[in-house]
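Peer 1: Quick one: this structure, given as structure tokens, is what I'll be asking you about.
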Amino acid sequence: MNYRIFNKQVFEQAQLRSVSNVAFTEEELQTGMKLAVSKEDNTLALYLVDVNGQKKFEVRWDDSTELFVGWNSAWENFTWCLDIVGN
């Protein structure tokens, strides 16, 4: 596994069902909830974020970010980035 999971409970929930009920701390409302990060490049991470009251997934890498409504699209993008980091 070339990534480390930060919040196993939410990470697993996101794969199976909605994350709309996930509660954020004040800090997480501002910065997002880190779900996973690359072991080789700590600037590559998958977050759960709140955008105007709606939970979305965000892939962050260096100075770029990309938002996704669904887990599958976000995970596909994150793993694609992981492959690039690994090569």
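The values are calculated or read from the model by the stated rules, or taken from the named source; none is laboratory data. Quick caveat: nothing in here was measured; it's all calculated off a predicted structure. Using ideal geometry, Cβ is built from the backbone for each residue, glycine included, and neighbour counts are taken over all protein chains shown. For accessibility, only protein heavy atoms count, side chains too; no ligands or nucleic acids. Shrake-Rupley method; radii C 1.70, N 1.55, O 1.52, S 1.80 Å.
Peer 1: What does the helix-only formula give at 222 nm for the chain: each DSSP H stretch with n ≥ 4 adding -39500 (n - 2.57), the total divided by the residues, and the result rounded to the nearest 500 deg cm²/dmol?
Peer 2: Per the formula, -10500 deg cm²/dmol.
Peer 1: Which value, in Å², gives the accessible area per residue of the chain when a 1.4 Å probe is used on the protein heavy atoms?
Peer 2: 63 Å²
Peer 1: Moving on to the next point. If each of Thr31 and Asn2 carries a label point 7 Å out from its Cα toward its Cβ, how far apart are those two points in nm?
Peer 2: Result: 2.6 nm between the two label points.
Peer 1: To continue, here is another question. Of Ala74, Ser64, Val10, which is farthest along the charge dipole of the chain in the positive direction, counting Lys and Arg as +1 and Asp and Glu as -1 at C-beta?
Peer 2: Result: Val10, furthest along the dipole toward the positive end.
Peer 1: Right, something else. Measuring from label point to label point, each 7 Å out along Cα→Cβ, what is the Gln54 to Lys39 span in nm?
Peer 2: 3.6 nm
Peer 1: How many Å³ per residue does the convex hull of the Cα positions in the chain occupy?
Peer 2: 92 Å³
Peer 1: Roughly how many percent of the accessible protein surface of the chain is carbon and sulfur, given a 1.4 Å probe and a whole-percent answer?
Peer 2: 44 percent
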